[in-house]
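The values are calculated or read from the model by the stated rules, or taken from the named source; none is laboratory data. Note that this is a predicted model, so its numbers are computed, not measured. Glycine also receives a Cβ, built like all others from the backbone with ideal geometry; neighbour counts cover every protein chain displayed. Keep in mind that these areas ignore ligands, DNA and RNA; they rest on the heavy atoms of the full protein, side chains included. Shrake-Rupley method; radii C 1.70, N 1.55, O 1.52, S 1.80 Å.
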Amino acid sequence: QAQLAESGGGLVQAGGSLRLSCKALALFSVSTMGWYRQAPAKQRELVATITTGGLTTYAPSVKGRFTISRDNAKNTVYLQMNSLQPEDTAVYYCYRGAGPLWGQGTQVTVSS
C-alpha cells in the first residue's frame, strides 16, 4: 500500500476544474503537505503547500486559481484547480514534509 496515495488527475478542457486528493498513511498530522508538478522537459516546481496549522503558499502562476486544503481527520490533502489552462498540463506530485516523501504522481492534461 502506497504511503501517499494520489487521485483525481485526468483530462479537462481549458477553463475546467479538477480536484486532486492525496491520502497519507503516516505522519500526516505533523507534516507540512504540498503539491508539486513537472511538465515534460521541465524541472519539478512547487505548486502549493499547507502547514499543519493551515498556512498556505502558492506559486504565482496558480494563485487565485488553485486552492490547497487538508482534512486532518482523513489524513488527506486536496488541490482544487479551477480555470485550468494548457500550461497547467503536468504530472502532479503530492509531497509530505516529514520523511520526506513523494507520491507516485498523477497526470493532469488540459486541452485547448
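Below, the figures for the structure above:
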read-out: Proximal lysines relative to Lys42, as straight alpha-carbon distance under 21 Å, when same-chain residues fewer than 8 apart are discounted; value: Lys63
read-out: Accessible area per residue in Å² at 1.4 Å probe, computed on the chain; value: 52
read-out: If the convex hull is drawn through the Cα atoms of region 36-112, its volume per residue in Å³; value: 102
read-out: Segment Thr57-Ser7, extension gain: residue separation times 0.36 nm, minus the distance between their alpha carbons; value: 15.9 nm
read-out: Ordering of 12-18, 95-101 by burial proxy (mean other Cβ atoms within 10 Å per residue, highest first); value: 95-101, 12-18
read-out: For region 5-17, 3J(HN,Hα) per residue [Karplus equation, 6.51 cos²θ - 1.76 cosθ + 1.60, θ = phi - 60°, Hz, x = Gly/Pro]; value: 10, 9, 7, x, x, x, 10, 9, 7, 3, x, x, 9
read-out: Projected label distance in nm at Gln43 and Thr109, using a 7 Å step from Cα toward the beta-carbon; value: 2.8
read-out: By average C-beta atoms within 10 angstrom, highest first, the peptides 29-39, 46-56; value: 29-39, 46-56
